[in-house]
Amino acid sequence: MKRMDIDDIEYMRAKPWNSRDFSIPGWFATYPTMLSLEEMRMLAFISGKSSLPEGQVVDLGPFLGGSTVALAWGLELGERRGATVHSFDLFTASERQKYDFLYKKGHPFYAGTDIYELFLNLTRDFRVNSRKVNIMNSAWGGTETQFRFCLSTYQSLGR
Ligand SMILES: C[S@@+](CC[C@H](N)C(=O)[O-])C[C@H]1O[C@@H](n2cnc3c(N)ncnc32)[C@H](O)[C@@H]1O
């Protein structure tokens, strides 16, 4: 019988997160993020399928939290319901980045380059543990990670 899980590369190549059966909330489309809607769908789908009970879900570089909320929303669908997403970023944004990823999606003006308060506000409805750090100088102190989201993860899935 076909396994149909996230360890099955053939199943994942078919991009099951794009299936009509996998519905996402409307606010995904307007969330201020550098990710495409498909990338948010993919993260939500994968975290929803995750099962390792003690693995930690770690988002390295969430920017304003698009990847974080997609992972957190997906977790609520599956066996890991109630799990926390651990998110680490410098949490800074240039005026250009705010224009491209925040204002263009209809969000109001936000002063300054430090976006940590905005991240906290945008992700407040989810179980998120965040720290404003340079990940190059920080050690991971948690238990084994089940799922780490960073650029290389989605490159390996075919981008
Ligand atoms: C391409 S963006 C990620 C987009 C994000 N996942 C989203 O959902 O919009 C890369 C992020 O990595 C962060 N970053 C890059 N180098 C970093 C470092 N050394 N320490 C912490 N964060 C870093 C940046 O601040 C930026 O927010």
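The values are calculated or read from the model by the stated rules, or taken from the named source; none is laboratory data. Values in this document were obtained by computation on a predicted structure and should not be read as measured data. When we count neighbours, we look across all protein chains shown, and the Cβ atoms used for this are built from the backbone with ideal geometry, even at glycine.
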Query raised in the report: Counting only residues that are among the acidic types (Asp, Glu) and outside any helix (DSSP H, G or I), which one in segment 25-80 is farthest from Thr113 (Cα to Cα)?
Result: Glu79
**Report entry** Extreme residue, surrounded by the fewest Cβ atoms within 10 Å (Cβ to Cβ), among residues of segment 86-136 that are of a type in the set (Gly, Ala, Ser) and away from the ligand (no atom under 13 Å from the Cβ)
**Finding:** Ala111
Query raised in the report: Which of the residues spanning segment 65-85 are touching a Leu at 6+ places or on another chain (Cβ under 7 Å) and away from the ligand (no atom under 13 Å from the Cβ)?
Result: Gly74, Arg81, Ala83
Query raised in the report: In segment 31-48, is there at least one residue being within 19 Å of Ile135 (Cβ to Cβ), modelled with pLDDT of 90 or more and of a type in the set (Asp, Glu)?
Result: no
Query raised in the report: Quick one: is Phe22 within 16 Å of the ligand (Cβ to nearest atom) and either in a strand (DSSP E or B) or surrounded by fewer than 18 Cβ atoms within 10 Å (Cβ to Cβ) (or both)?
Result: no
